[in-house]
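The values are calculated or read from the model by the stated rules, or taken from the named source; none is laboratory data. Here the structure is a predicted model, which is why all the values come from computation and not from measurement. Here the Cβ positions follow ideal geometry from the backbone for every residue, glycine too, while neighbour counts run over all protein chains shown. Just the protein is used for accessible areas: all its heavy atoms, side chains included, with ligands, DNA and RNA removed. Shrake-Rupley method; radii C 1.70, N 1.55, O 1.52, S 1.80 Å.
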Amino acid sequence: MPSQGIMQHLKKEFSHLVQVHGITATIEGLIAMAEEIFAPPILLIFIYQKDSTNLVFHKGVDASKIDLKNMHLQELDLHKEHPLIIQDAETLQSEFVNLGLVNIPFYAGCILKSSAGNPIGRVELLDTNPRTVTPKDIHLFELLGKQLSHAFISEINLKLAQSDLLTIFSNAPVAMLVARPDDGKILMVNKELQKLAETEETDLIGRYTTEFYSNLHQRDQLLEILSKEGTVKNLEVQINKKGGNKADCLISTELISFHGETMLLSGFIDISERKQSETSLAINEERFRSLYNRTPVMLHSLNNEGEFLSVSDYWLAKMGYQREQVIGKHMSHFFTKSSIVRRELERMDEFFKKGYDFDIPYQAIKRNGETMDVLVSAILEKDQNGQNQRILSVMQDVTEKKKLDIALQKSEDNLRTVFENTDTGYALLDADFYIMSFNQAMQRFAEVDLFKTLHLHTYSILYFAEARQQALLQAMNAVLKGQTISYEINYVQADGSDKWYRMNMYPVFDKNEKAAGIIMAVEDINERKQNEIHLNRIVKEITDYKLALDESSIVFLTDEKGMISYANENCLQMTQYSREDVLNKSMHFLNSGYHSREFFANLWQTIQRGEIWKGEIRNKNKAGQYFWVDCTIVPFIDKDRNPYQYIAIQRDITLSKNAEIELNKSFSLVNEQNKRLLNFSYIVSHNLRSHTSNILSILNFLEKESSEKERSELMGHLKKVSRSLNDTLFNLNEVVSIRNNINLVLEPLNLLDYLNQALKVQSELIAIKKAEIKNRVSANCIIKCNPAYLESILLNFISNAIKYAHPDRIPVLEIEAYQQNDQLVLLFADNGIGIDLERNRDKLFGMYKTFSNNPDARGIGLFITKNQIDAMGGKVEVESELGKGTRFIIYFNNPILTNQT
């Protein structure tokens with residue numbers, strides 16, 4: 001028989017088998033151990049009984065020949081506390097003959113009991129060999145029975161639990177499946193899962209969860225959580241439905257033992273609708289936030305203390321603040337104290353009672369300090385407990401509206417004034433044609449006191465002949481149907497005379513857009529009718545005027561935009577254009593470029609105001625020839641006082657204008673010469689007086705001096721003064737010659753040729769000074785100038801640049817010429833001693849003005865040169881810095897410049 005250690009191993013192994021392999025494997029293991037306890041060969045028969053007798057395990061017998069009711073010893077049932085051991089072969093022979101067994105000398109049987117002590121089965125051992133059984137062996141056999149009892153009880157409970165699990169699984173209101181943990185193969189699904197996946201059970205059983213989950217990453221996440229925590233609770237996943245649709249679910253998964261194997265039991269809760277709701281809610285929240293911030297309305301919310309919780313972007317844009325400057329701040333920072341106090345006194349109690357209020361007037365304070373009139377409409381929001389939570393407000397800028405209201409009131413007043421003082425008679429009739437209101441003009445038209453006849457029928461006060469009343473009635477009925485009626489009538493007045501009027505009738509609609517009355521407007525057109533005859537006569541006169549104009553003047557007609565619609569023959573002859581060239585064209589094609597943009601802008605502004613413009617214009621014909629016209633432009637005005645057409649009447653004044661221009665030019669030149677001569681007379685007077693004074697002084701000394709030596713010395717001074725006087729007279733003669741030359745001849749000259757000639761004249765001085773000349777004037781630079789003046793100007797500027805060179809450096813003179821608009825610019829730049837312009841700018845070109853210690857300086861060269869430049873219509877400018885050099889810039893008018901580089 002086995003030792004006690006084997007039995008302890010049996011208990012230990014039983015627990016391990018149950019934990020690891022489950023009940024069935026445990027029972028098989030215990031049976032194998034029973035064989036080991038009693039040593040082979042034995043016959044091991046295991047009987048399990050519940051409700052009916054069932055053979056659970058057998059070995060060494062034919063189960064089909066066993067009578068389950070009679071196969072065991074009846075004595076065993078009486079031995080409930082201890083095993084039954086029989087070692088009598090004869091007794092056993094008769095008991096087990098039905099099993100086809102003979103010579104059974106050994107029998108051991110043990111009752112299996114539940115925890116309550118009730119029989120649940122038995123284990124019986126038979127052997128064909130005699131055995132010796134000790135009390136210890138019986139004890140071990142009894143322990144084996146107890147362990148088998150535990151195994152059976154566990155198996156019974158497991159089968160019941162699995163049966164209950166299947167019942168719950170099949171009828172659960174939650175979608176569930178059972179799958180293998182190793183490969184994810186789906187073994188079971190319930191009806192709710194079939195509904196969730198929108199498919200049949202056969203489409204799911206045998207598939208794998210890798211196909212079932214939409215996102216394999218979610219499945220891997222589930223398995224990772226399961227391996228770490230042993231369970232998964234409410235993990236959000238997405239599964240595939242039949243037809244390609246998907247469902248969002250919450251999955252919970254447990255490891256279970258099912259039919260002796262470890263399985264994954266997963267439950268799914270469909271949250272698709274919730275997800276859609278959450279998505280819709282998020283979208284709606286984003287839309288609300290976007291709408292809140294982007295709507296062109298000022299929105300804000302306040303807490304119970306009046307502090308800002310939120311403001312819209314438009315609110316910030318209108319007020320000029322940043323969001324962080326507003327949120328959490330009290331409203332008193334953004335509204336005037338007076339408007340807040342007024343609101344609290346007048347509106348707040350009612351607001352908290354009703355929970356809302358509209359159009360509360362405030363004055364908001366913008367960031368730049370300006371105030372803005374606003375109307376605030378607010379709603380009080382409460383929480384679920386009915387407590388005040390926040391105030392939602394819409395703020396409307398009514399600053400401009402208030403201005404508009406004032407302007408509108410003023411307009412209404414003006415309109416009322418016009419209505420009462422207009423010459424058109426107005427009356428308001430109801431649907432039965434009774435007069436309800438009227439103006440003064442209508443009172444004059446009716447020739448009765450309408451205040452005494454209000455609410456009387458129209459026929460009562462208007463003297464319509466009976467024959468016309470029917471026509472009037474038809475017209476008013478048509479107006480009540482929504483038509484507008486306008487016609488002229490010959491109205492017989494109270495005194496029997498007739499007069500022409502225009503009758504206008506307009507429908508007045510009620511809020512349902514149904515005509516409920518008539519506005520009758522009566523306009524006196526008698527004068528107009530009388531004027532028609534006069535108008536026809538005027539038309540005839542205008543036709544005659546047109547004929548006269550066409551014969552004597554240049555005539556254009558244009559539309560309101562200045563496009564030519566008519567040009568007479570004189571126009572075509574003067575401009576040398578054909579009618580096709582002119583019609584539907586702007587008059588810009590005649591622009592000679594003589595007049596400024598401001599000139600034409602003033603012309604257009606004048607005629608567009610409906611005023612007549614008169615003036616002289618220089619035009620250019622098709623051949624490029626200029627001609628002057630005396631022009632009168634008359635706007636034709638429509639009834640709204642807007643020009644709709646213009647007529648330009650022009651007279652050729654080319655000859656007289658050219659003569660006038662020449663006369664003005666001569667006058668200007670003479671006037672300029674007079675000014676210069678007057679100035680020159682001052683210079684002559686001063687210079688000659690200085691010389692004559694010196695001469696008189698020397699002569700006085702000569703008369704008084706007796707010494708020959710002194711007289712000889714005085715004669716030397718006299719000669720020196722005489723020579724100086726002679727130089728002065730020469731210079732003055734030169735200046736007079738320049739200023740008296742009114743009609744100076746200007747010729748096209750090659751600037752480079754004259755410049756090279758001047759440099760050649762100064763070549764000896766250039767060589768002595770070792771001066772460097774940088775001549776950048778192009779060979780084809782042509783200038784319109786007087787030859788003698790140009791030669792003198794070039795010589796003077798070249799000699800000055802070399803004469804007044806800086807003693808510490810080699811003289812450098814740069815000469816260049818370039819085109820600048822309508823002028824030729826000639827530039828002389830040297831590196832000489834320079835001029836102190838701050839002290840000498842005003843007298844730089846004065847006569848006998850010198851600015852250096854050079855003994856050769858006479859102060860006459862720049863004076864003569866500037867006079868020569870001025871005489872040719874040019875000008876000279878100077879830039880200089882003492883000790884660094886000087887730049888003279890000469891501007892010549894009317895250059896002829898070709899291909900200058």
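So the values come out like this:
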quantity: Phe509, Phe600, ranked by accessible area, largest first (probe 1.4 Å); calculated: Phe509, Phe600
quantity: Rounded to the nearest 10 Å², the accessible area of Met372 at probe 1.4 Å; calculated: 10
quantity: Linear extension gain, Gln276 paired with Leu557, 0.36 nm per residue minus alpha-carbon span; calculated: 93.8 nm
quantity: Per residue accessible area in Å² of the range 499-610, where ligands, DNA and RNA are left out and the probe is 1.4 Å; calculated: 64
quantity: Among the listed pairs Lys185/Lys241; Lys769/Lys866; Lys329/Lys382; Lys403/Lys511, those beyond 19 Å (Cα-Cα); calculated: Lys769/Lys866; Lys329/Lys382; Lys403/Lys511
quantity: Cβ-defined net charge surrounding Glu791, 13 Å radius [Lys, Arg +1; Asp, Glu -1]; calculated: -1
quantity: Sequence-distant aspartates and glutamates (8 or more away, or on other chains) whose Cα lies within less than 16 Å of Lys614; calculated: Glu598, Asp630, Asp652
quantity: Potential lengthening between Ile661 and Lys704 on full extension [0.36 nm per residue; Cα-Cα distance subtracted]; calculated: 9.2 nm
quantity: Packing-based ranking, highest mean first, of 564-575, 863-874 given that Cβ atoms within 10 Å are counted; calculated: 863-874, 564-575
quantity: Among 375-386, 182-193, the order from most to least packed when residues are scored by Cβ within 10 Å on average; calculated: 182-193, 375-386
quantity: Around Pro635: net Lys/Arg minus Asp/Glu count, Cβ-Cβ under 12 Å; calculated: -2
quantity: Approximate spin-label separation Phe599-Leu345, in nm, with each point projected 7 Å along Cα-to-Cβ; calculated: 6.9
quantity: Virtual spin-label span in nm between Asp822 and Leu547, 7 Å along Cα→Cβ; calculated: 4.6
quantity: Theoretical gain in end-to-end length, Glu236 to Arg711 [0.36 nm per residue, Cα-Cα removed]; calculated: 157.6 nm
quantity: Per DSSP, loop trypsin sites (Lys or Arg not before Pro) in the range 499-535 with at most 10 further Cβ within 10 Å; calculated: Lys511
quantity: Cut-off 12 Å between beta-carbons: net charge of the residues surrounding Thr424, Lys and Arg +1, Asp and Glu -1; calculated: -2
quantity: Probe 1.4 Å, all protein chains present, accessible-area order of Arg342, Arg597, Arg641, largest first; calculated: Arg597, Arg641, Arg342
quantity: Over 27 Å (Cα to Cα) - which of Lys233/Lys275; Lys354/Lys514; Lys540/Lys585 fall in this group; calculated: Lys354/Lys514; Lys540/Lys585
